[in-house]
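Colleague: Take a look at the following structure, please.
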Amino acid sequence: MLEMTPVAPEASSMSTVNAEQLKNDQMRLLNEKEAAKAERDRLASQLQQVTKQAADADKARKRFLEVFNKKFTEFKKVTSLVFGYKIELVGEKGESYRLQPFYEDDKEKYFMLRYDSAQDAVLLAETQYVHVYDAELQVYLQGLNSYPAFFASVLLNHYADQVAEIQQEQGEEERDDDIEIDDG
């Protein structure tokens with residue numbers, strides 16, 4: 001037969017306290033688990049929003065670059081057609097500008113400019129092509145300090161040379177037409 005040992009009232013109350021403590025600990029852990037789940041869900045939602053915002057910003061940036069490049073290309077083309085010079089940014093940091101008369105086929109005939117922000121001035125660099133226009137340099141750049149006048153005179157000289165070539169070719173064609181061949 002089993003003998004029952006009497007339980008002291010203190011042990012019984014300790015057991016109840018331990019059960020209560022265990023129950024409280026379980027409730028606290030359950031609450032913490034639910035709070036952690038809610039926080040995880042909130043952070044996941046926030047991450048999803050930030051990811052969408054980043055994708056939207058990237059899409060907007062790409063669209064901006066597309067439009068900018070299209071407009072910049074259009075601007076360069078219009079500028080070339082209106083002012084007669086092809087303009088290119090050159091150098092590792094785009095610090096120089098290469099200007100070539102629009103109707104010039106020889107790629108070695110160009111001017112090189114650099115903008116000096118400290119002096120707020122445009123500087124013309126030495127190239128082989130610059131020396132072709134030494135007289136214009138003297139008059140328009142050194143005398144009048146006018147880049148527009150200098151570049152306009154270069155284009156007018158270039159245009160005059162082309163007109164002279166065309167007139168010479170037309171004159172040769174007319175002379176060729178005047179030559180009669182006698183067959184016999």
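The values are calculated or read from the model by the stated rules, or taken from the named source; none is laboratory data. Keep in mind it's a predicted model, so treat the numbers as computed, not measured. Methodologically, a virtual Cβ is constructed for each residue, glycine included, from the backbone with ideal geometry; neighbour enumeration extends over all protein chains shown.
Colleague: So how many residues does region 118-146 have that are more than 19 Å from Y97 (Cα to Cα), loosely packed, with under 11 Cβ neighbours inside 10 Å and of a type in the set (D, E)?
Modeller: So the answer is 1.
Colleague: Mind telling me which of the residues L43, L47, L65, L30 ends up being at pLDDT below 90, out of contact with any Cys (no Cβ under 6 Å at 6 or more places or on another chain), outside the structural domain of K107 (by TED's automatic domain parsing) and not β-branched (V, I, T)? Write out each step before concluding.
Modeller: Values: L43 fails: at pLDDT below 90; L47 fails: at pLDDT below 90; L65 fails: at pLDDT below 90.
L30 is the lone residue from the list that is at pLDDT below 90, out of contact with any Cys (no Cβ under 6 Å at 6 or more places or on another chain), outside the structural domain of K107 (by TED's automatic domain parsing) and not β-branched (V, I, T).
Colleague: Are any of the residues in region 94-111 over 20 Å from S153 (Cα atoms) and within 15 Å of the chain's Cα centre (by Cα)?
Modeller: yes
Colleague: Against the conditions (1) within 16 Å of V90 (Cβ to Cβ); (2) assigned to a helix (DSSP H, G or I), where does Y159 fall short? Just the number, please.
Modeller: (1)
Colleague: Can you run down the residue pairs with Cβ atoms below 6 Å, 6 or more apart or on separate chains, where the first is in region 145-161 and among the aliphatic types (A, V, I, L, M) and the partner is surrounded by 13 or more Cβ atoms within 10 Å (Cβ to Cβ) and part of a helix (DSSP H, G or I)?
Modeller: Here the result reads A149/Y140; V154/Y133, each pair linking region 145-161 to a residue that is surrounded by 13 or more Cβ atoms within 10 Å (Cβ to Cβ) and part of a helix (DSSP H, G or I).
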